[in-house]
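The values are calculated or read from the model by the stated rules, or taken from the named source; none is laboratory data. Note that the structure is a prediction, hence the values are computed from the model and not measured. Note that each Cβ is placed from the backbone with ideal geometry, even for glycine, and that neighbours are counted across all protein chains shown.
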Amino acid sequence: MERAKSEQPSFQVGIVLAAYNCDRTYFKQQLESIKLQTFSNWICLITDDGSAPDIQDFIRTEIADDARFIYYVQPQNLGAYHNFESGIEYFSDRPEITHLAFSDQDDIWHPEKLETLLREIESQDALLAHSDLELIDSQGQLLHSSVWDYEKRCPENLNSKLLLLRNSVTGCTVMIRRILIPDLLPFPKQHSSTAWYHDHWMALVASHRGNIAHLRQPLVQYRQHGDNVVGAREFAGTIRVELEEWLAKRGRLTLKSYSIHEALSRAFYQRFYPPQIASKLNPIPENRIDFGWPILQLGVYSVFKGYGARGCALRLWVNKFVLDWLKVKDWFFERVLIFSSK
């Protein structure tokens, strides 16, 4: 395939490919799709989160004939979130890298992916660019031509507040400018390996600091299979899906979802706002008793903006209402006990 004539040698893209015990067939296809990029001035760091020795040997063999690939094995398992952070840290020390892109280990990139993202991020003066995806199955057969349509995403309407409800930016489609790195690092600490993902944090920071370019052109074939860390869900973010998931849990409320969103929201506001106003601005607070009124307002705002997060807002509001009700109930009975003991 001919290299794009518009390729600008002043740009060099660093690709962070996070790997862990990859499927060999999928990984080969992912590597091949990177090698076939019409924009060829890239370096790919494969940051391995401690795969089995035979997988490590396999990866070294696959990249042995292409010096643009760099392979690093983490001394201890970090989890995908901090593994991607490690890749960003690596490229932050390489001043020749002007942009970063991110890759999973089991997808297939369209040949024009890097070229297109680079063109759009520059022409729109954006800090982050991302695209739609095609959904494929484990055999590479097309399931849906647009993940954005499949999940009812409307990323063009996002802002930092609405991203606190629902992330609509998929990491394997993302390209960022180098100047965003200081605001991204270090990643906020997490208390659970199943908390938010790197793309959610990147989207939050980029939307707060500047412009995001949204491309409705699919540039990645996103593979849906049984081992996905994150998968696509039809009508994600809608009230219908939230109710289906709640009924599947037999009406139980674990309240875990609220703690994840609360921790992310707190990390964001503490990073970018003065302490005296951060807690006041945060619509998903930890200790403030408000029965979820700011979340309800944010949910209504998402409807008017057409963002597609009403189901997420409803779930968070119910969680916050229950949490605050339990706090008030405990406070009331504690006062009753104190009064009755006198």
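Of everything in the stretch 28-50 that's more than 16 Å from Val16 (Cβ to Cβ) and of a type in the set (Gly, Ala, Ser), which residue is surrounded by the fewest Cβ atoms within 10 Å (Cβ to Cβ)?
Among residues in the stretch 28-50 that are more than 16 Å from Val16 (Cβ to Cβ) and of a type in the set (Gly, Ala, Ser), the one surrounded by the fewest Cβ atoms within 10 Å (Cβ to Cβ) is Ser40.
Has the stretch 77-90 got any residue that is of a type in the set (A, V, I, L, M, F, W, C), surrounded by fewer than 23 Cβ atoms within 10 Å (Cβ to Cβ) and over 22 Å from Ile55 (Cα atoms)?
no
Hey, does the stretch 91-108 have a residue that's without any contact (Cβ under 8 Å) to a residue 24 or more places away in the chain, of a type in the set (S, T, N, Q) and surrounded by fewer than 20 Cβ atoms within 10 Å (Cβ to Cβ)?
Within the stretch 91-108 (the criterion being without any contact (Cβ under 8 Å) to a residue 24 or more places away in the chain, of a type in the set (S, T, N, Q) and surrounded by fewer than 20 Cβ atoms within 10 Å (Cβ to Cβ)), the answer is no, since none of the residues qualifies.
Restricting to the stretch 161-174, and then to whatever is in a helix (DSSP H, G or I) and in contact with a Phe, Trp or Tyr (Cβ under 7 Å, 6 or more places away or on another chain), can you tell me which residue is nearest to Leu135 (Cα to Cα)?
Per the criteria, the residue is Cys172.
For the stretch 56-114, which residues satisfy the criterion of being small (Gly, Ala, Ser) and over 24 Å from the mean Cα position of the chain (by Cα)?
Ala64, Ala67, listed by residue number.
Return yes when Lys320 is touching a residue at least 40 places away in the same chain (Cβ under 8 Å) and within 19 Å of Glu151 (Cα to Cα) and no when it is not. Break it down into steps so the answer makes sense when it comes.
Working: touching a residue at least 40 places away in the same chain (Cβ under 8 Å): yes; within 19 Å of Glu151 (Cα to Cα): no.
Against the criterion (touching a residue at least 40 places away in the same chain (Cβ under 8 Å) and within 19 Å of Glu151 (Cα to Cα)), Lys320 does not qualify.
Filter the stretch 272-317 for residues that are among the hydroxyl-bearing types (Ser, Thr, Tyr) and either under 21 Å from the mean Cα position of the chain (by Cα) or assigned by TED's automatic domain parsing to the domain that holds Leu163 (or both) and give the result.
Result: Ser302, Tyr307.
Are any residues in the stretch 155-170 surrounded by 22 or more Cβ atoms within 10 Å (Cβ to Cβ), farther than 19 Å from Gln270 by Cα and touching a residue at least 60 places away in the same chain (Cβ under 8 Å), and if so, which ones?
Residues satisfying the conditions are Leu158, Arg166, Ser168.
Select from the stretch 65-122 the residues that are closer than 24 Å to Ser146 by Cα and among the small types (Gly, Ala, Ser) and list them in ascending order.
Ala101, Ser103
Every residue in the stretch 124-139 that is of a type in the set (Asp, Glu) and either within 13 Å of His110 (Cα to Cα) or free of Cβ contacts under 8 Å to residues at least 24 places away in the same chain (or both), please.
Asp132, Glu134
Could you list, in sequence order, the residues of the stretch 182-203 that are farther than 9 Å from Ala263 by Cβ, in contact with a Lys or Arg (Cβ under 9 Å, 6 or more places away or on another chain) and at pLDDT 95 or above?
Residue satisfying the conditions is Asp183 alone.
Considering the stretch 270-302 alone, what residues qualify as being more than 27 Å from Ile239 (Cα to Cα), in a helix (DSSP H, G or I) and either without any contact (Cβ under 8 Å) to a residue 40 or more places away in the chain or touching a Lys or Arg at 6+ places or on another chain (Cβ under 8 Å) (or both)?
Once the filter is applied, which keeps residues that are more than 27 Å from Ile239 (Cα to Cα), in a helix (DSSP H, G or I) and either without any contact (Cβ under 8 Å) to a residue 40 or more places away in the chain or touching a Lys or Arg at 6+ places or on another chain (Cβ under 8 Å) (or both), the stretch 270-302 yields Gln270, Pro275, Gln276, Ile277, Ala278, Ser279, Lys280.
With respect to Asp183, determine if the residue is part of a helix (DSSP H, G or I), acidic (Asp, Glu) and either over 26 Å from Gln30 (Cβ atoms) or not assigned by TED's automatic domain parsing to the domain that holds Leu78 (or both).
Yes, satisfied.
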